[in-house]
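Only one structure is covered here, and it is reproduced in the block below.
Read-outs: derived from the displayed coordinates by stated rules, not from any lab. Small disclaimer: the values here were computed from a predicted structure and weren't measured. Here the Cβ is made from the backbone with ideal geometry for all residues, glycine too, and neighbour counts use every protein chain on show.
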Amino acid sequence: MDLSASTSKGTTSGETTDTTISTTQVRIDDAERWVQLQFTWSGKPYTLDVADSDRVFDLKATLHAMTRVPPERQKILGLVKGKLPPDQGRIVDLRLVTGKKFTLVGTPEGDEIKDPHQLEFLPDVVNDLDVDLTDDIAASAAYRNDQRNIRKVKEATAKLEVNIIHPLRHGKKLLVLDIDFTILDTKPLTSGSLPPAECARPRLHEFLEAVYPHYDICIWSQTSWIWLETKLVELGMVGSDRNYQLSFGKLV
């Protein structure tokens with residue numbers, strides 16, 4: 001999925017100047033049909049490209065990247081008649097044409113109005129896990145060979161950022177650990193309500209020391225590298241004298 005955002009700004013002479021922000025699109029099949037859509041959000045015009053093999057989820061994910069409005073808050077008006085199909089629905093089934101216009105309504109992340117008394121009751125994570133296909137061989141094969149999925153892997157690979165911390169060891173398996181809300185209780189760490197040592201999962205370092213002889217260790221995160229590195233240092237996972245090393249951090 002390709003995306004760009006266009007806005008117009010007035011000049012002193014009364015003319016308008018267009019500013020366009022674009023991202024590089026990795027397309028694995030030039031023969032695949034793409035449709036350019038136009039939408040407005042907060043009074044600003046945007047354009048994006050979707051492929052027939054994309055799903056409604058991909059459209060919502062791109063809107064999230066462009067506007068910071070998360071999928072669960074998005075109201076997409078005028079794209080289709082009636083209710084928008086489920087996230088797994090194919091774009092091709094929407095029968096969209098180039099130039100189709102719609103309106104996005106929703107509050108971006110960080111601009112919410114929250115009742116301070118309710119903060120402790122807010123959910124930590126939105127469940128966005130895909131369907132488990134491990135027990136269905138035919139469905140698993142279809143998923144791996146799906147044109148959209150192959151393209152998404154290519155796109156993710158092109159944008160992949162890997163920060164090597166310690167060289168990988170020959171013959172070792174790889175253990176990948178998510179950091180936020182998994183091995184780290186993020187809220188008290190970022191708020192400063194607890195010291196870093198008390199925000200780590202109990203016996204975290206003992207666990208990592210036990211598995212290190214058999215596994216190289218990778219930390220997975222959706223935050224920027226500077227924030228990931230800060231958390232790892234505060235937890236004592238980097239720069240300490242522990243009997244394990246982190247091999248790299250993977251950012252998405």
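Distance cut-off 29 Å, Cα to Cα: go down the list K60/K187; K100/K154; K83/K159 and report the pairs above it. Provide the component values of the computation, followed by the final result.
Numbers: K60/K187 27 Å; K100/K154 27 Å; K83/K159 33 Å.
Table pairs above 29 Å Cα-Cα are K83/K159.
H214 label point, 7 Å along Cα→Cβ, cut-off 18 Å on backbone N: hits in the stretch 149-173?
169-173
Determine the dipole magnitude for the stretch 159-251: charges of +1 sit on the beta-carbon of Lys and Arg, -1 on that of Asp and Glu, nothing else is charged, the reference point is the Cα centre, and the result goes in debye to the nearest 20. Don't jump to the answer; show the numbers that get you there.
Working: 10 positive and 11 negative charges, 60 e Å.
It works out to roughly 280 debye.
How many angstrom lie between the Cα centre of the stretch 167-227 and the Cα centre of the stretch 75-108?
39 Å
Which FRET efficiency, nearest 0.05, do N243 and A158 yield, Cβ-Cβ r, R0 30 Å?
Values: r = 37 Å, r/R0 = 1.22.
After rounding, the FRET efficiency stands at 0.25.
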